[in-house]
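One structure is given here, and the rest of the page talks about it.
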Amino acid sequence: MYDFKGKVALVTGTARKRGIGHTTAVRFAMEGADVVVNDCYQSPERLSEEEKAAGWKGLDSVVEEIEAQGVRGLAITADISDSKSVQNMVSEAIAEFGKIDILIANAGTIQWCPFLDFKEEDWHRDISVNLDGTFYCCQAVAKHMVERGDGGAMVILSSLGGKTSLEKAAAYSASKFGVIGLTQVMAIELAPYNIRVNAVCPGRIVTNMVFADEIWKLSQERGIDMTEAAKIYYGDLTQATPMKRPGSTEEIASAIIFLCSDESSFITGQSINVNGGRLTAH
């Protein structure tokens with residue numbers, strides 16, 4: 001258990017039920033932090049069948065789970081690919097809670113397409129959310145942390161695809177390689193202000209971004225749990241992982257929590273693999 005009482009965390013990209021952002025936000029609340037959650041507007045039509053069956057309400061559901069832990073939660077709808085929206089989000093969070101101690105830059109998107117067929121608009125969508133949006137959020141929060149003079153911690157979500165390229169994910173891989181470089185630069189420049197910046201690089205995790213709804217349907221059809229269904233659905237990708245299974249959002253959240261805690265007080269500028277051993281080179 002960690003102690004984040006009195007801390008305020010801002011977590012972006014939290015609206016999906018099976019998302020790293022959702023799990024991480026609730027974990028911070030369980031550890032005592034007040035939590036600001038963010039996502040862009042999610043149309044009810046975009047909800048997965050599992051989310052609809054569960055009565056999922058996006059950010060509102062996340063805030064309910066946060067406040068059930070006895071801490072405060074705040075939902076802010078904002079498109080992080082727009083710098084003005086990010087500034088407004090950060091200002092609103094500070095106005096409500098007085099500060100931001102922790103930033104988890106989690107929001108992201110992916111377009112799957114062969115490189116030769118990749119459309120310009122799809123390229124720009126991945127770059128604008130995954131790289132530009134991360135930059136906007138980190139810079140806005142870092143300026144606040146420097147002004148406060150009380151340090152802070154940031155964790156950026158990169159990916160296995162930020163260290164070794166993924167087929168049919170040109171823009172995604174480029175953006176995730178980019179945020180690792182951004183992490184390293186920020187860690188160096190912000191260290192004098194006692195602001196630590198690290199990245200987490202998940203392998204294959206069961207999330208809404210990577211076919212969780214299809215896996216949920218398979219689990220319902222065969223009467224098996226999600227982990228077993230994911231092993232079947234991901235197939236060769238599971239076999240390429242030494243631990244022979246996909247990871248969970250809880251396992252990624254645990255790494256994030258550690259990197260924001262006092263237990264990691266001398267760790268900054270690192271890109272930590274959480275991938276079941278699939279990549280061990282760096």
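Helix-only arithmetic for the chain: the sum of -39500 (n - 2.57) across DSSP H runs with n ≥ 4, divided by the residue total, places the mean residue ellipticity at 222 nm at -13000 deg cm²/dmol. Beyond 17 Å, the tail of the calculated P(r) for the range 100-209 holds 53 percent of the Cα pairs. If you take all other residues with their beta carbon under 11 Å from the beta carbon of ARG72, and give Lys and Arg +1 and Asp and Glu -1, the sum is -3. Taking every Cα-Cα distance in the range 172-211 and sorting them into 5 Å bins starting at zero, the pair-distance distribution P(r) comes out as 6, 20, 21, 19, 15, 10, 7, 2, 0 percent. Here the range 39-82 is described by how far its Cα atoms reach on the three principal axes: 32, 31, 9 Å, from widest to narrowest.
At most 12 other C-beta atoms within 10 Å and a DSSP loop state: those are the exposed trypsin sites (Lys or Arg not before Pro) I care about. Give me the longest piece of the chain that has none. The segment 120-243 is the longest one with no such site.
Positive-end ranking of ALA75, ALA191, ALA53 along the dipole of the chain, with charges on Cβ about the Cα centre, is headed by ALA191. If you look at the Cα atoms of the range 175-260, you get an Rg and a Dmax of 16.8, 55 Å. Here LYS168 is the anchor, and the lysines within straight C-alpha reach of less than 28 Å, apart from those fewer than 8 places off in the same chain, are LYS17, LYS119, LYS176, LYS217, LYS231, LYS244. When you restrict to C-alpha pairs under 8 Å that are six or more residues apart and normalise by the size of the range 137-241, the relative contact order lands at 25 percent. Sorted ascending by nearby beta carbons within 10 Å, beginning with the fewest, CYS260, CYS113 become CYS113, CYS260. Here the range 228-274 and the range 64-107 have alpha carbon centers that stand 24 Å from each other.
The radius of gyration of the Cα set in the chain, together with its Dmax, comes out at 18.0, 55 angstrom. Placing unit charges on the Cβ atoms of the charged side chains and taking the dipole of the range 224-282 about its Cα centre, the candidate lying farthest along the positive direction among ALA255, ALA240, VAL274 is ALA240.
Restricted to Cα atoms, the range 39-159 shows a radius of gyration and a Dmax of 16.4, 51 angstrom. An oblate overall shape is assigned to the range 1-84, the ratio a/c of its alpha-carbon gyration tensor axes (a ≥ b ≥ c) being 1.5 or greater and a/b not exceeding b/c.
Here, each number is a calculation from the coordinates, and none is a lab measurement. Given the structure is predicted, the values throughout are model-derived calculations rather than measurements. Positions of Cβ are generated from backbone atoms using ideal geometry, with glycine treated the same way; all protein chains shown enter the neighbour counts.
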